[in-house]
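The values are calculated or read from the model by the stated rules, or taken from the named source; none is laboratory data. Since this is a predicted model, take the numbers as computed values, not measurements. Glycine also receives a Cβ, built like all others from the backbone with ideal geometry; neighbour counts cover every protein chain displayed.
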Amino acid sequence: MPLDFLFDSLLNAMTRPTCASCDVELRRAAVFCAPCAEAFVPAEPCSLGGLDVHAAGLYGGPLARAIQRLKFGDRPDLARPLGELLRRLVLERRLDADVLVPVPVPSSRLVERGYNQATLLVRRLAASTPARVEARVLSRLDSGARQVELGRAERLKNAAISFVVEGAERVRGRRILLVDDVVTTGATAHGCARALWSVGASRVTVLALARTP
């Protein structure tokens, strides 16, 4: 049994669960409280430029608040309940993969934030899938500009040169589940997929907490 699973079990026994969006105390383990769960909008599978994307929900409301808290609110603990959304999605849609790969962040952002939220989500997901985790196989060059600050054309251009595979043998011939928090234009996902395909990955499927409508 994974050590992080044991740790979570002990933590759950000692603390009452709270809503990932509003922090209200819950009577039982869940991702959101009843009002926040009601406002959650599930997302259908979609294709962005030929890349299959599976997101738990549409970006907005309680899901957006939870993701913002995870990324910008110094709440790495929220990867635990939010990772449950991804776990359910993988089971419901039978998303088979050989390797789990988190979308990397530039080193400057990693230093600033202290963690990569996609890596935390992957580690939560790993407890319930036989797929191998390769948290460092992809690295991201630091362009200095955040993708969210760029227009679509600039995002695509920036993402095309941003990602490098380190250790091609770990993904060559493998089915990859690429994990991220939010998919917007798909530029970042395509940049990662191109890098993985270039070294022989057999398939790349995107798994995210949210996508924009």
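Taking region 1-50 as the range and being surrounded by 15 or more Cβ atoms within 10 Å (Cβ to Cβ), under 26 Å from ILE176 (Cα atoms) and modelled with pLDDT under 95 as the test, only LEU48 passes.
Return the total of residues in region 33-58 being of a type outside the set (Val, Ile, Thr) and touching a residue at least 40 places away in the same chain (Cβ under 8 Å). Spell out how you get there, then give the answer.
To start, the set of residues in region 33-58 that are of a type outside the set (Val, Ile, Thr) comprises 33-40, 42-52, 54-58.
Going one step further and asking which of them are touching a residue at least 40 places away in the same chain (Cβ under 8 Å), we end up with 43, 45-46, 48-49, 51-52, 54-58.
Going through region 33-58 one residue at a time, the tally reaches 12.
Evaluating ARG80 against the criteria (1) more than 30 Å from GLU166 (Cβ to Cβ); (2) surrounded by 20 or more Cβ atoms within 10 Å (Cβ to Cβ); (3) among the charged types (D, E, K, R) leaves one unmet condition, (1). Can you name the residue in region 171-202 that is among the charged types (D, E, K, R) and in contact (Cβ under 8 Å) with a residue 60 or more places away in the chain and is also surrounded by the most Cβ atoms within 10 Å (Cβ to Cβ) among such residues? That would be ASP180. Listed by position, the helices (runs of 4 or more DSSP H) contained in region 115-213 that have at least 3 residues being at pLDDT below 95 and of a type in the set (Lys, Arg) are 152-160.
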